[in-house]
1. Give the residue, chosen from Thr64, Thr31, Thr53, that is of a type in the set (Ser, Thr, Tyr) and open to solvent by 70 Å² or more (accessible area, probe 1.4 Å).
2. Test Ile126 against the stated conditions and say whether it is open to solvent by 70 Å² or more (accessible area, probe 1.4 Å) and modelled with pLDDT of 90 or more.
3. Can you confirm whether the range 88-97 contains a residue that is over 23 Å from Glu8 (Cβ atoms) and in a helix (DSSP H, G or I)?
4. Being part of a helix (DSSP H, G or I), free of Cβ contacts under 8 Å to residues at least 24 places away in the same chain, farther than 25 Å from Lys3 by Cα and within 18 Å of the chain's Cα centre (by Cα) is true for just one of Asp58, Asp42, Asp54. Which residue is that?
5. Is it the case, given these coordinates, that Val74 is within 26 Å of Ser2 (Cα to Cα), of a type in the set (Val, Ile, Thr) and modelled with pLDDT of 90 or more?
Amino acid sequence: MSKVFSLEEVAKHNSKDDCWLIIGGKVYNVTKFLEDHPGGDDVLLSSTAKDATDDFEDVGHSTTARAMMDEYYVGDIDATTIPTKVKYTPPKQPHYNQDKTPEFVIKILQFLIPLAILGLAVAVRIYTKSESA
C-alpha cells in the first residue's frame with residue numbers, strides 16, 4: 001500500500017533541492033530529474049503545489065517519459081485536499097451595438113455607393129438606348 005499525501009504536504013516540496021509533483025493522482029519526487037528535464041527545471045518548479053496533470057498532458061509527453069515516471073513515484077494524493085477547479089466566468093460587459101458605430105456606417109456606404117453608381121449606369125444606358133432606337 002502506497003503512502004497517501006495531502007496537497008499541503010506535497011506543497012512543501014517546491015524548491016530545486018526538493019521538488020514533488022502531482023500528476024494523475026500520484027505524487028512524484030522529481031528532484032533528481034530537474035537538471036535532466038528537456039524543458040528545464042523552471043517548468044517543473046512552476047507546476048509544484050498544485051495538480052500538474054493538465055500541464056503534463058498539454059505538453060504531450062512520450063511513452064518513454066511516462067515510463068520514466070515510475071522511478072520517481074513516492075505515493076498517492078488525497079484527492080479531497082485538491083481544490084476543485086473554478087469555472088471561469090467572464091466579467092459582465094454592456095451590450096455592444098455594432099449598428100451605432102462609425103465603422104458600421106462606413107461599411108454600409110462602401111456597399112451602397114457602388115450599388116447606386118451601378119444602378120445609375122444601367123438607368124442611363126436604358127434611357128440613351130431607347131432614344132436612339
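1. That would be Thr64, the only listed residue that is of a type in the set (Ser, Thr, Tyr) and open to solvent by 70 Å² or more (accessible area, probe 1.4 Å).
2. Yes, satisfied.
3. Checking the range 88-97: not a single residue is over 23 Å from Glu8 (Cβ atoms) and in a helix (DSSP H, G or I).
4. The unique qualifying residue is Asp58.
5. Yes; evaluated as a whole, the condition is true for this residue.
The values are calculated or read from the model by the stated rules, or taken from the named source; none is laboratory data. Nothing here was measured: the structure is a model prediction, and the numbers come from that model. Neighbour counts are summed over all protein chains in view; Cβ atoms, including those assigned to glycine, are modelled from backbone coordinates with ideal geometry. All accessible areas refer to the heavy atoms of the entire protein, side chains included, with ligands and DNA or RNA removed. Shrake-Rupley method; radii C 1.70, N 1.55, O 1.52, S 1.80 Å.
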